[in-house]
Amino acid sequence: MRIASATRAHVAALAALMASSPLLRRYEVTARGARASLTKALHAGDVLLVALEGDAVVGFAWSIKTPALDRAAYLRLLLVGEGLQSRGIGAALLARTERAARAAGCRHMALLVTATNRRGRAFYARNGYHRVAHLPGFVRPGVAESLYMKNWLTPRRRK
């Protein structure tokens, strides 16, 4: 498996991956809507990293840099194809996304996880993220989200 920056050539496969995700179905994600969002993200300079096995897209990460939350990066989506989880793909994508965010001067990474997504919450906790808020209906009515943060700042020592 290799990780690369996504290009327009990857958009159709990424959109298909999004549309086939059981987790994203509750958000009514369609292939058409996903294609439009991904194309806009590429034009906006969002960080889109794709995991490839050969030429096949097996996962991707989508993050944005924001001045909000004290120069945080926001992980908009980390998605691994169905049946391909627990093989290190998500961890590799997350690590590369974090490196890109830190290199861009971000001090933190923030993300939302659907509160019912136990595997996702456990994954982020294993990777150093802390739940900082519970947000019922924040993204979509009837769907609760949990806000997770990872801080890269080194605490200052008092003199």
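FYI, it's all coordinate maths here, none of it is from the lab. This structure is a prediction, so every number in the text was calculated from the model and none was measured. Cβ sites come from the backbone with ideal geometry, for glycine too, and all protein chains shown count toward neighbours.
Rg and Dmax of segment 44-95, using alpha carbons, in Å: what are they?
12.4, 38
List the chymotrypsin sites (Phe, Trp or Tyr not before Pro) within segment 78-144 that fall in a DSSP loop (any state other than H, G, I, E or B) and whose Cβ has at most 10 other Cβ atoms within 10 Å.
Listed in order of number, the matching sites amount to none.
For Cα pairs less than 8 Å apart in space and 6+ apart in sequence, what is the mean separation divided by the residue count of the chain, i.e. the relative contact order in percent?
Relative CO of the chain lands at 17 percent.
Consider the candidate values [x] 14.8, 41; [y] 16.0, 50; [z] 15.6, 57; state which one is Rg and Dmax of the Cα atoms in Å computed from the structure displayed.
[z]
Could you tell me how far the Cα centroid of segment 77-111 sits from the Cα centroid of segment 24-61, in Å?
Here the two parts' Cα centres lie 14 Å apart.
How much net charge surrounds THR97 when only the other residues with a Cβ under 12 Å from the Cβ of THR97 are counted, with Lys and Arg +1 and Asp and Glu -1?
Once positives and negatives cancel, what remains is +4.
Counting helices only, and only those DSSP H runs with n ≥ 4, report the 222 nm mean residue ellipticity of the chain as the sum of -39,500 (n - 2.57) divided by its residues, in deg cm²/dmol to the nearest 500.
-10000 deg cm²/dmol
Nearest 20 debye, what's the magnitude of the dipole of segment 2-151 about its Cα centre given +1 on Lys and Arg Cβ and -1 on Asp and Glu Cβ?
Computed charge dipole of segment 2-151: roughly 240 debye.
Quick one: order TRP62, TRP152 by neighbouring beta-carbon count within 10 Å, fewest to most.
TRP152, TRP62
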